[in-house]
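To start, the structure itself, in structure tokens.
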Amino acid sequence: QTKTLSQWMKEQNVPGIYDIDTRALTKIIREKGTILGRIVCNGIPQKLPPVEDPNRKNLVASVSTKAPQVYNPHGHPRICLVDCGMKYNQLRCFLSRGACVEVVPWDHDIKTLDYD
């Protein structure tokens, strides 16, 4: 069965926007950087809940490893990987090349570590 994009988005609960100048919106975002906003359906309600500002949270701390972990301890070279939201493929690539990788939290004191 053929569906419109709008029908598919509704079925999948994917929000969408229309009847706005997306070029103007893109220009605003380019000039101001990331901005807070919301998508509202069927007009603006009288009372809106406050928008949670992600800039007030330490998002790096929420995604970083909580404790140091060593992978392939006898490998070479020795790499210190500071986890600020790393992709695990990065770790796999280092390990596939025989490296010793110590993954540490975002706020770890790396001066105490021995790495190449």
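Every read-out reported here was derived from the displayed coordinates using simple, explicitly stated rules and does not represent laboratory data. Every value quoted in this text rests on a predicted model; they were computed, and no experiment measured them. Here the Cβ positions follow ideal geometry from the backbone for every residue, glycine too, while neighbour counts run over all protein chains shown.
Using the number of other C-beta atoms within 10 angstrom as an exposure proxy, rank Thr112, Thr26, Thr2 with the fewest first.
Values: Thr112 7, Thr26 10, Thr2 4.
Ascending number of Cβ neighbours within 10 Å: Thr2, Thr112, Thr26.
State, as an integer percentage, the relative contact order of region 59-112 based on alpha-carbon contacts under 8 Å between residues 6 or more apart. Please list the in-between numbers first.
Details: 88 pairs, mean separation 26.5, N = 54.
About 49 percent, as a whole number.
I want the antiparallel fraction of DSSP beta bridges within the chain, as a percent rounded to 5. Walk me through the intermediate numbers first.
Details: 3 of 9 bridges.
The antiparallel fraction comes to roughly 35 percent.
Can you put His76, His108 in order, fewest other beta carbons within 10 Å first?
Values: His76 11, His108 18.
Ascending Cβ contact count within 10 Å gives the list His76, His108.
Using 7 Å Cα-to-Cβ label points, what is the Lys111/Lys57 separation (nm, one decimal)?
My value for the distance between the label points is 3.2 nm.
To the nearest 0.05, what FRET efficiency results for Thr34 and Gln1 with a Förster distance of 35 Å applied to their C-beta separation? The partial results should precede the final answer.
Working: r = 38 Å, r/R0 = 1.09.
Step by step, r from the Cβ atoms, then E = 0.35.
Among Ile35, Ile79, what is the fewest-to-most ranking by other Cβ atoms within 10 Å? Show your work: numbers first, answer last.
Numbers: Ile35 9, Ile79 20.
Fewest to most other Cβ atoms nearby, the residues stand as Ile35, Ile79.
Wrap a convex hull around the Cα atoms of the chain, take a quarter of its surface area, and give that in square nanometres. Mind dumping the intermediate values first?
On the way: hull surface 53.5 nm².
Dividing the Cα hull surface by four gives the mean projection, 13.4 nm².
How would region 1-55 be classified by its alpha-carbon gyration tensor: rounded, prolate or oblate, with rounded meaning a/c under 1.5 and the a/b versus b/c comparison settling the rest? Display every interim value, and only then the final one.
On the way: a/c = 2.11, a/b = 1.39, b/c = 1.52.
Cα axes put region 1-55 in the oblate bin.
What FRET efficiency comes out for the pair Gln46/Lys10, r = Cβ-Cβ distance, R0 = 22 Å, nearest 0.05?
Working: r = 25 Å, r/R0 = 1.14.
Working from the Cβ atoms, E equals 0.30.
Give, in whole angstrom and from largest to smallest, the semi-axes √(5λ) of the equivalent ellipsoid of region 59-112, with λ running over the eigenvalues of the Cα gyration tensor. Spell out each step's value before the answer.
On the way: eigenvalues 74, 33, 11 Å².
After scaling each eigenvalue by five and taking roots: 19, 13, 7 Å.
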